[in-house]
1. Among (1) within 21 Å of Gly111 (Cα to Cα); (2) of a type in the set (Val, Ile, Thr); (3) out of contact with any Cys (no Cβ under 8 Å at 6 or more places or on another chain); (4) surrounded by 13 or more Cβ atoms within 10 Å (Cβ to Cβ), there is one condition Val28 misses while meeting the rest; what is its number?
2. Only one of (1) part of a strand (DSSP E or B); (2) in contact with an Asp or Glu (Cβ under 9 Å, 6 or more places away or on another chain); (3) among the aliphatic types (A, V, I, L, M) fails for Leu11. Which number is that?
3. Working carefully through the options Ser41, Ser61, find the one that is surrounded by fewer than 16 Cβ atoms within 10 Å (Cβ to Cβ) and at pLDDT 95 or above.
4. Condition first: more than 26 Å from Glu12 (Cα to Cα) and basic (Lys, Arg). Now tell me which residues in segment 49-99 satisfy that.
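The values are calculated or read from the model by the stated rules, or taken from the named source; none is laboratory data. Please read all numbers here as calculations on a predicted model, not as lab measurements. Heads up, the Cβs are rebuilt from the backbone with ideal geometry, glycines too, and the neighbour counts pull from every protein chain shown.
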Amino acid sequence: MNTKEWLDSTLEMEEIMLPSGPYILQHVRPRLRCADGMTVSVQAGKYLYCVPRMDAAKHYSEVEVGFPSEPVPAHWIKWADGDDNETCGVWGYVPIEEVDAWLVAHGGIVGKAESDD
């Protein structure tokens, strides 16, 4: 499974009623787990660091990566949001091909993480 397939398979939308009328809310996707046990949050949606910045897009070219259990590649520093910590941060607008390659290096996506690390 690649990043696009992960985003598609974990998309969950919910209609909620607000005083101004109905609103469609996109839920936060679960952390994913790779074959070697590494876990990470990969997100895309209207209020996230991604391209396009919209919920349920057919294709995202850039996504948000957060709080990995293993360090991200060193060259990802250019996408770091603030602190350049290797595991306690968010990397925004990361090209989806970069994310795919990193996840493959960890054995590929095997499913949802058992718990939030």
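1. Condition not satisfied by Val28: (4).
2. (1)
3. Ser61
4. Result: Lys78, single match.
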